[in-house]
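The values are calculated or read from the model by the stated rules, or taken from the named source; none is laboratory data. The structure displayed is predicted, hence computed values, not measured ones. Glycine gets a Cβ as well: all are built from the backbone with ideal geometry, and neighbour counts include every protein chain shown.
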Amino acid sequence: MTKPLLSIKNLTIDYIGETADFRAVDDVSFDVAHGEVFGLAGESGCGKSTIAFAISRLHKPPALIRNGQILLEGRDVLGLDPRELRSFRWREVAMVFQSAMNSLNPVLRVEAQFYDVLRTHQGMNRSQARERTAEMLRLVDIPPDRMRDYPHQFSGGMRQRIVIAICLALNPKIVVMDEPTTALDVVVQREILQRINELRKTFGFSVLFITHDLGLMVQFCDRIGIMLAGKLVEQNSAGNIYTKPQHDYTRKLWASFPSLHGARLMEVAAS
């Protein structure tokens with residue numbers, strides 16, 4: 001078997017409190033293969049985003065990684081010093097956060113936000129960065145001449161595509177997407193995920209896709225892990241998670257979806 005791109009081994013993360021600690025991630029292990037889309041699903045507060053932040057070492061106190069390993073192609077992420085970590089972020093692992101408007105600086109033009117990343121990590125001058133920015137905006141179907149606009153001049157879906165373009169500008173090996181389509185309507189969600197999938201096939205990066213929307217995840221992911229109260233309670237192919245869920249919690253997640261058939265809710269209430 002080929003070695004995984006990303007390997008999470010026995011990861012345990014606590015949030016330190018004055019009187020007691022809260023265990024957010026409890027002995028979680030999973031792998032993400034080269035070019036694979038691996039999904040983490042579960043209710044709010046189950047530890048999905050905590051794992052996402054741990055992969056890029058973005059945690060701040062009171063979060064504390066108690067135990068485990070995070071390996072990218074065998075390299076220990078938890079052992080990186082500050083200089084190595086600065087190089088590691090964006091170039092090897094990029095992250096699309098939950099709210100694009102919060103990820104983009106509202107007082108800087110889009111061009112300047114690309115330039116900041118490209119200058120810091122690849123030493124590009126403004127002319128080179130402008131050319132790369134135009135290239136990346138075309139990839140996400142945004143006219144390059146809009147790089148002079150500010151974030152508030154774009155729709156929610158376009159802002160999210162800009163964030164994705166910035167993430168891909170340095171050709172990372174894996175992109176962590178934490179609820180990347182939250183607050184977007186279903187049509188825009190589909191357009192963004194289709195574009196991500198096309199870009200993944202073109203550039204070969206892997207995706208760790210995090211959401212509470214299991215229905216959306218099954219359409220997009222190769223494999224899925226189900227989290228409950230900090231534990232990874234089930235992982236399988238997307239098809240088996242959909243047709244043959246093994247854990248009772250996974251079955252309950254599917255049962256929470258409203259049926260498209262039968263009596264409508266108002267008719268049931270009236271009866």
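Quick notes
- The residue pairs whose first member lies in the range 73-87 and is loosely packed, with under 11 Cβ neighbours inside 10 Å, whose second member is β-branched (Val, Ile, Thr), and whose beta carbons are closer than 8 Å, counting only pairs six or more residues apart or on different chains, are 76/70.
- Contact annotation: residue pairs with Cβ atoms under 7 Å, 6 or more positions apart or on different chains, pairing a residue in the range 102-113 that is over 16 Å from residue 142 (Cβ atoms) with a partner that is loosely packed, with under 13 Cβ neighbours inside 10 Å, are 106/152.
- Among the candidates 45, 68, the residue that is at pLDDT 90 or above, of a type in the set (Gly, Ala, Ser) and more than 26 Å from residue 152 (Cα to Cα) is uniquely 68.
- Residue in the range 4-11 that is touching a residue at least 12 places away in the same chain (Cβ under 8 Å), among the small types (Gly, Ala, Ser) and closer than 29 Å to residue 169 by Cα present: yes
- Of all residue pairs spaced 6 or more apart or on separate chains, none has beta-carbon atoms under 6 Å together with a first member in the range 27-49 that is over 24 Å from residue 196 (Cα atoms) and outside the structural domain of residue 67 (by TED's automatic domain parsing) and a second member that is acidic (Asp, Glu) and surrounded by fewer than 19 Cβ atoms within 10 Å (Cβ to Cβ).
- Answer residue from the range 74-114, given it is in a loop (DSSP other than H, G, I, E, B) and either of a type in the set (A, V, I, L, M, F, W, C) or touching a Cys at 6+ places or on another chain (Cβ under 7 Å) (or both) and is nearest to residue 180 (Cα to Cα) among those: 97
- Scan of the range 37-71 for residues that are in contact with a helix residue (DSSP H, G or I) (Cβ under 7 Å, 6 or more places away or on another chain), polar (S, T, N, Q) and not in a strand (DSSP E or B), ordered by number: 56
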